[in-house]
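The block underneath contains the structure these notes are about, expressed in structure tokens.
The values are calculated or read from the model by the stated rules, or taken from the named source; none is laboratory data. Source: prediction; values computed, not measured. Counting neighbours? That spans all protein chains shown, and the Cβs are built from the backbone with ideal geometry, glycine included. To get the accessible areas, we keep the full protein, side chains included, count just its heavy atoms, and leave off ligands, DNA and RNA. Shrake-Rupley method; radii C 1.70, N 1.55, O 1.52, S 1.80 Å.
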Amino acid sequence: MNPTSASNPLLEPWATPYGLPPFDAVQAEDFMPAFEIAMREHRQELDAIAACAAAPDFDNTAAAFDRSGRLLARLAGLFFNLAASETSPALQSAERELAPLLAAHDSAIYCNAGLFARFEVLHAQRESAPWTDEQRRMVERLHLDFVRAGARLAPEAGRRHAELKQRLATLQTRFGQNVLADEAAYRLELRGEADLAGLPAFVRAAGRAAARERGSDADAVITLSRSHIVPFLTFSERRDLREQAWRAWTTRGEHDGEHDNRPVAAEILALRNELACLHGHASYADFALADTMAGNQDAVARLLDRVWSPALARAGAELEALRGVQLAHGQAHAIEPWDWRYLAEKVRQSRFCLDEAQIKPFFPLERMVDALFECAARLFGLRFVEQPQVRAYHPDVKVYEVQDAASGRLVGVFLHDNFARASKRSGAWMSSYREQSRHGGGVLPIVVNNNNFARGAPGEPTLLSFDDARTLFHEFGHGLHGLLSDVTYERLAGTSVLRDFVELPSQIFEHWLEDPGVLARHARHVETGEAIPADLVRRLLEARTFNQGYETVRYAASALVDMAAHARCDGGAPDITALEREVVERIGLPPAIGMNHRLAHFQHLFAGSGYAAGYYVYLWAEVLDADGFDAFVEAGDPFDPDVAARLRRFIYAAGNSVEPGAAFRAFRGRDPALEPMLLKRGLLEAAPG
């Protein structure tokens, strides 16, 4: 292909609604030539900034840097979203080819000596210059970006730094693709009533839909999507099949052959350690945590230690309750990880009179989406208007215009992609096609939420579990963080915040799912329209802390393994299976529980670097969100307008324009307290005083 704008739709103006990508016109082979042109244009823009004859000032250096690379940002927003949400062999091939090239481009930017010299001047002036607080924050963050990217390294070290970044980009891409390959290839085919024993109607319906989508003649297919595997492990009476499913789920990326992630993760850990040493740190954990709210390993260890002992004690009591169920059914075998959810559901049903088959009809996906939008309207004055005529990258995706309800002003565009499919990576996440900014005439955000819910049968609604609904609210909280961003410069926009702050907007939004008023209006029976009974709501809320010992131990164990893997100071490529086993034995993880994520499929850590030495951030942010939501509790109204206005201004809209600790204090009036998080998890009584 001749890489000109006349032949490549990626390089032509996107004359589409809202400036969305021309999804239908783009082919995988269009990306490489387009990226080559975009990277070249970006380098030329940056060279011009570096060569500017005028003395460095905010506008000709910092603001100009932020304005540069618009074509590259536009292409990257499209490419990486497609690679995650609607990939193909051709797109995966392009991803493998582009990863090291984009890493090299990134290194070239931050090792541009002339450009960094200008930022050094600005950084030295930051306290005395007549800048706004946002401009000062911008200079501090950009300068730190350069330093952490190796701008101050000696030439030989700088060259090695660039080599490491390129190799890491290649490995991280391979890691994610290997996990997807294992997930896409697996299917547990269920045939006959014996295989389906214990599965309620909604699990069977999801399994039938998966069988049709995959061309199987089985009665049902269980995939490795969480919305398939967790219900199967919860309800299947076939212990042998539960074991098969559990082993497939927990050994993703851990099979000999071309998709084996064990050597990939080992090399990533070795290279990250070398990179940290170039920056003068003993370990990658030290390097990563230097730019977080936590700041160091000791702070993370104190947080995880605070929950580990009470969670372990709580899990021990939960295990005894499971043994009681076993005895009642005449069983004596050891409880294994594939038994826990099944037995716990029996305890939950008995203790709280809760039956998932009774609950799910009150949580159809469409009504829960309406609940999201109503909460966003009442809290922040937003209106979501579906645009069915606008096509996205897949028929599943719904496109919404996001408006300010009072003025009708366009705030942004929201894409909602809710269903699992083989071309989509697992999990749930928010991303952006375009970030918000105010300079250069202003840019409105385009935000996407991805979930992986099991689709209902043809013509039937998709029913969510209460946990699925929480995931829906969680990701929408991230989406609001992008949509409500109100900053001048893109570098500071939306979710571009410190990693242990980024989960606060998502996790605090989960609280509105549990509001009885929200449930009464939106949790309505899919067939009768009946509002969820108040007694059922009461029991659901009473059960919030049920099995939290198990859940907290699983999470904390994964966070502790993450920290141990990245706190290594000896270099070299470790045996990740042995490393994981050593940590599990040292912390005393009960064998019946296991971890949220094992290293060979831990995409948070190895499909990118954002959460490396950072899986603890969900708990850190939970301290913030539990205490933060108490501001509404203290006001006596979950939609109190004054508290909501502070939440919007200082948490959702501020992006990285304010230091996160200061942002939380501006919202809450003080630093966060730990106790609300412990209370939320039901661990307060067991915690040491």
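A few remarks follow.
- Whichever lysines have a C-alpha closer than 27 Å to that of K346, once near sequence neighbours (fewer than 8 apart) are set aside: K360, K680
- Under 19 Å of direct C-alpha separation, and excluding same-chain neighbours fewer than eight residues apart, K424 reaches these lysines: K398.
- Point-to-point label distance, A197-E274, nm (Cα→Cβ direction, 7 Å offset): 5.4 nm
- Other residues with beta-carbon under 14 Å from the beta-carbon of P388 carry, at +1 per Lys or Arg and -1 per Asp or Glu, a net charge of -2.
- The shape of the chain can be summarised by an equivalent ellipsoid whose semi-axes, obtained from the alpha carbon gyration tensor, come to 40, 29, 28 Å from longest to shortest.
- Taken over the stretch 30-101, the ratio of Cα radius of gyration to 2.2 N^0.38 Å equals 1.36.
- Among 150-157, 462-469, 354-361, the peptide with the highest mean count of other Cβ atoms within 10 Å heads the list, and the full ranking is 462-469, 354-361, 150-157.
- Annotation: amide H-H contacts under 5 Å for L683 (H modelled 1.01 Å from N, sequence separation of 5 or more, or interchain): none.
- Sorting the segments 655-664, 579-588, 598-607 by their mean number of nearby beta carbons within 10 angstrom, highest to lowest, gives 598-607, 655-664, 579-588.
- Ranked packing of 543-551, 230-238, most packed first, by mean Cβ within 10 Å: 230-238, 543-551
- Working from the Cα coordinates of the stretch 558-653, the gyration tensor eigenvalues give, after taking √(5λ), semi-axes of 38, 16, 10 Å in decreasing order.
- When the alpha carbon coordinates of the stretch 178-322 are projected onto the principal axes, the ranges are 61, 42, 24 Å, largest first.
- A full extension of the chain between R40 and D291 corresponds to an added length of 87.3 nm, given 0.36 nm per residue minus the alpha carbon distance.
- Normalised contact order of the stretch 473-522, rounded percent, pairs of Cα under 8 Å and 6 or more residues apart: 44 percent
- Kirkwood-based Rg to Rh ratio, the stretch 410-485, C-alpha trace: 1.07
- From the C-alpha gyration tensor of the stretch 64-170, square roots of 5λ in Å: 31, 19, 9
- Efficiency of FRET between R538 and E366 - r from beta-carbon atoms, R0 25 angstrom, step 0.05: 0.50
- Gain upon complete extension [A357, A185; 0.36 nm per residue less C-alpha separation]: 59.0 nm
- Restricting the calculation to alpha carbons of the stretch 409-557 gives Rg and Dmax of 17.9, 54 angstrom.
- Estimated D of the stretch 408-451 in µm² per second, where Rh is the Kirkwood radius over Cα pairs and Stokes-Einstein applies at 20 °C, 1.002 mPa s: 179 µm²/s
- Accessible area per residue, Å², the chain with all protein chains present, probe 1.4 Å: 39 Å²
- Model label points for D467 and E585, set 7 angstrom from Cα along the Cα-to-Cβ axis, are 3.0 nm apart.
- Computed in the context of the full set of protein chains, the accessible area of the chain at 1.4 Å probe radius has 51% of its extent on carbon or sulfur.
- Modelled FRET efficiency - R0 51 Å, D575 with H439, Cβ distances, 0.05 increments: 0.55
- Reducing the stretch 442-511 and the stretch 527-558 to their Cα centroids gives an inter-centroid distance of 21 Å.
- Using R0 = 25 Å, the C-beta based FRET efficiency linking R323 and T251 works out to 0.40.
- Distance between modelled label sites at E530 and R126, nm, 7 Å Cα→Cβ extension: 6.1 nm
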